[in-house]
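Here the structure comes first, spelled out in structure tokens, and everything after it is commentary.
Since every read-out is calculated from the coordinates, none of them should be taken as a lab result. Since the model is a prediction, treat every value here as computed from it, not as a measurement. Cβ sites come from the backbone with ideal geometry, for glycine too, and all protein chains shown count toward neighbours.
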Amino acid sequence: MKIRIDGGVVVGWSGTGHEIIPNGSVIIDNNTIESVGTDKSLPVDKVIDASGKIVSPGFVNLHVHSQLNVGDYLLADVTRKDYLTANWFVFGAPLKEKVTPPPAPAVAIGRKFALFSALKNGSTTVLDPGGGPGALDEYVAIAGQQGGRVFFSPPYRSADIFTDVQGRHYYEEREDRGRPGLKRAVEFIKQYHGAHNGRVQGILNPAQAETCEPSLLKESVAAAKELDVPIHIHAGGNTREFLHILNSHRKPVVEYLADTGILGPRTTLGHMAITGGHSRIDYPRGEELKLIADSGASVGHCPHKCAKMAFAMESFDQYLAAGINIGLGTDTYPLDIIAEMRYASLISRLVDKNASGARPAAVFNAATIGGAGALGRKDLGRLAVGAKADVVIVNLRTTRYGPARDPINALVEYGSGADVETVIVDGEVVIENGRSTRIDEDDLFAQADAGAKRAWDSWAGRDWNGRSTEDIIPPAFPTRR
Ligand SMILES: [Zn+2]
């Protein structure tokens, strides 16, 4: 099947960077970009009119947990102030006695909804550091059905995090020290790496810097090398983790990770906002940014999630200047990579008190070639001849943008995933006129709605103090009875 996309503002590839081609034309041959230019005469099977629209490389989203927003909704817990910016503990650190695996249908609907939501909002590739557990063959089937690219294997760790009856968080070493989890991940990758015409890719997910003992990280590095896959690890995502590692190892998290050997060109550090020298940390910044840059490791920056918890990376521009490859991830809902570019830009400007910082080109690069580089893929994140045919078409002719002088500046300043009209992955149109060509979106939404409501309504049954969703997050306004 050959597709020609005519008339849009094409974000092409010069050989070294993105370039703008007004009134351009992109030709897709099966799953590959065949040409990027202005010739609209070549015969094809299908023509897509992109006049007034931006024809962009598909975005690479380095942080999509394949789950519903049940926990996201609870992040800003009003009942306590001692989370040390790690508000995910509200749903991720249960009472040990109340740990129950979620029912399989709930896991499935979380996977379906998250992968679809990210895709529909413009992310043609996602890195999934883990959602609900189990049913791994079903995971692969869901990823195949939703239509996007996903880098995944089940996460593992050598220590779990719990909350006690007084609401105190603690780490507890697992009896199995995480090794069965690593083994499961390796087996998953051996079985499914390359499934669905390469849309399913393996990546190892040692879960968090402070929940994986150094020997588990070393074994992860060896396994990733043998499997020839990248690694993702949450690190530098909150001050509790930083203090835990500082207390245990007397060094900041980056130095700790460097000593385990996990920093390297195929490793992505999810978040990496909290380092020595951060304004929330009483420890000087040493050579941490240089250590990351010299190792070739990437940072999966999720500015919106950090902002929800009232802190920021300090800063996007400073990391770039240090030579670090940065990709962007959404982490929590909305899984809108276009809005995430704006958060990355604005928050960096705020941190540096520099209105001309974090330029649109820099955050657009992060959301495309930065993410692709983190995953070791030169055939993603760019509309270059021979690259994978992953394309996103965004309508710029709406009142949201007004007259757009420069398409990238406009997209970053004003854009939204809601403006994504067409998504093509591996040469197939999977979103057309804003709707899935593969699944029943209304049915998916109804299932997600019912699943999330069930979880919120029964939250008190699993909470450490029997708190309801409304205790944790009071309604914005009272409801008239
Ligand atoms: Zn995460």
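Between T100 and V78, the C-beta separation translates, for a Förster distance of 35 Å, into a calculated FRET efficiency of about 0.85. Remark: for residue pairs K2/K53; K183/K290; K81/K290, the C-alpha separation exceeds 28 Å in K183/K290; K81/K290. Note on segment 238-351: Cα convex hull, mean projected area over all directions, 6.7 nm². Sorted on the mean count of surrounding Cβ atoms within 10 Å across their residues, most packed first, peptides 371-384, 200-213, 349-362 read 200-213, 371-384, 349-362. With contacts taken as Cα pairs under 8 Å and at least 6 residues apart, segment 59-374 reaches a relative contact order of 18 percent. Computed from the alpha carbon positions, the gyration tensor of segment 126-221 leads to an equivalent ellipsoid with semi-axes of 28, 15, 10 Å, biggest first. Of all lysines in the structure, those lying under 18 Å Cα to Cα from K190, and not within fewer than 8 positions of it along the same chain, are K225. In plain terms, the bigger the Kirkwood radius, the slower the diffusion; for segment 345-475, with that radius from Cα pairs, at 37 °C and 0.692 mPa s, Stokes-Einstein puts D at 176 µm²/s. When both segment 235-311 and segment 355-397 are represented by their alpha-carbon centers, they are found 25 Å apart. Label sites at D39 and E226, each approximated as a point 7 angstrom past Cα along Cα to Cβ, lie 4.9 nm apart. A full extension of the chain between R250 and D442 corresponds to an added length of 63.9 nm, given 0.36 nm per residue minus the alpha carbon distance.
Both the radius of gyration and Dmax for segment 297-408 are 14.5, 42 Å, in that order, over alpha-carbon atoms. Only the Cβ atoms of Lys and Arg (+1) and of Asp and Glu (-1) were treated as charged; on that basis the dipole of the chain about its Cα centre amounts to roughly 420 debye. Working note: 222 nm ellipticity from helices only, DSSP H runs with n ≥ 4, each -39,500 (n - 2.57), summed and divided by the residues of the chain, gives -9500 deg cm²/dmol to the nearest 500. Could you please state, rounded to a whole Å, how far the C-alpha centre of segment 148-172 is from the C-alpha centre of segment 31-83? About 28 Å separates the Cα centre of segment 148-172 from the one of segment 31-83. Summarised in one figure, the compactness ratio Rg/Rh of segment 47-152, Cα atoms and Kirkwood Rh, is 1.07. Full extension of the chain between K290 and R400 gives 35.6 nm of extra length, using 0.36 nm per residue less the Cα-Cα distance. Taking a straight line from the alpha carbon of K112, these lysines sit under 16 Å away, with near neighbours fewer than eight places off in the same chain left out: K120.
With the cut-off at under 17 Å, measuring from each backbone N in segment 257-288 to a point 7 Å along the Cα-to-Cβ line of K378 picks out 265-266. In the chain, the C-alpha radius of gyration followed by the widest Cα-Cα span (Dmax) gives 21.8, 71 angstrom.
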